[in-house]
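J.: Would you mind keeping the following structure in view while I ask a few things?
The values are calculated or read from the model by the stated rules, or taken from the named source; none is laboratory data. Since this is a predicted model, take the numbers as computed values, not measurements. Every residue, glycine among them, receives a Cβ derived from its backbone with ideal geometry; neighbour counts consider all protein chains shown.
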Amino acid sequence: MNSKDNHLTDEFLKEIWCDAFARRGRAWLRVTTGSMEPLINPGEMILIEKTEPQSIVFGDIILFQVHDIFVAHRVLKKYVKDGRFYFLQKGDKGGYAMEVPEDWITGRVTAIEKASGRLIELDKGYGRFIGTSFAILSCLQFYFYERLQVRLKSKTDIKYAKSIYSFFKKLHTLLYRGIATVLVNSILIRKKNETFK
């Protein structure tokens, strides 16, 4: 099968998913990238639910589209500009934060089904605590690197900053993985079909 056929197949599957989501107001979607690791790994399932922009808060994971590609990232900040809601979002794994307008948003991630079969409901109790914990870590990472970039003025600063960045990135990754392991493994095993009909 050539790449053109794959593209047609992907578009067809996306259309079916969008139709099911439009009818039910929620649908499960398989994650294909690692931008939300270590909490959400490639191959795991996320439950997307329709939501109003005003109900999205700090720490929520939103699903939005960029160039017809679905992206699920965490909200670090919400604000109003020109009468519309905007969200500063980024992946937990790292990378850049980007502003997303409300009309790009498909819905909000309300549950994660881990590969182990564990189910994390993000809307309540322990799941909300997990989301807020990762949002705080993501914010600290974002603002630390943003300030680091502002301070880079000379080549000496850049060389020094690269070594600091490398050290903190490794430390940050270890911290994330440790927190994710502890939090996820302390959740009682609940199956997706037992909770969501």
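J.: Any residue at all in segment 91-102 that is over 15 Å from the mean Cα position of the chain (by Cα), at pLDDT 90 or above and not in a strand (DSSP E or B)?
T.: yes
J.: Let me ask you something else. For segment 16-37, what are the residues that are of a type outside the set (A, V, I, L, M, F, W, C) and either free of Cβ contacts under 8 Å to residues at least 12 places away in the same chain or closer than 20 Å to Ser133 by Cα (or both)?
T.: Of everything in segment 16-37, those that are of a type outside the set (A, V, I, L, M, F, W, C) and either free of Cβ contacts under 8 Å to residues at least 12 places away in the same chain or closer than 20 Å to Ser133 by Cα (or both) turn out to be Asp19, Arg23, Arg24, Thr32, Thr33, Gly34, Ser35, Glu37.
J.: Quick test for you: out of Ile61, Ile46, Ile69, Ile40, pick the one residue that is under 16 Å from the mean Cα position of the chain (by Cα) and free of Cβ contacts under 8 Å to residues at least 12 places away in the same chain.
T.: Ile69 is the lone residue from the list that is under 16 Å from the mean Cα position of the chain (by Cα) and free of Cβ contacts under 8 Å to residues at least 12 places away in the same chain.
J.: Among the residues of segment 110-155, write down those that are farther than 17 Å from Tyr176 by Cα, among the hydrophobic types (A, V, I, L, M, F, W, C) and either more than 16 Å from the chain's Cα centre (by Cα) or at pLDDT below 75 (or both).
T.: Residues satisfying the conditions are Ala115, Leu119, Leu148, Val150, Leu152.
J.: So Leu39 fits all but one of (1) of a type in the set (A, V, I, L, M); (2) part of a loop (DSSP other than H, G, I, E, B); (3) at pLDDT 90 or above; what number is the exception?
T.: All conditions pass for Leu39, except number (3).
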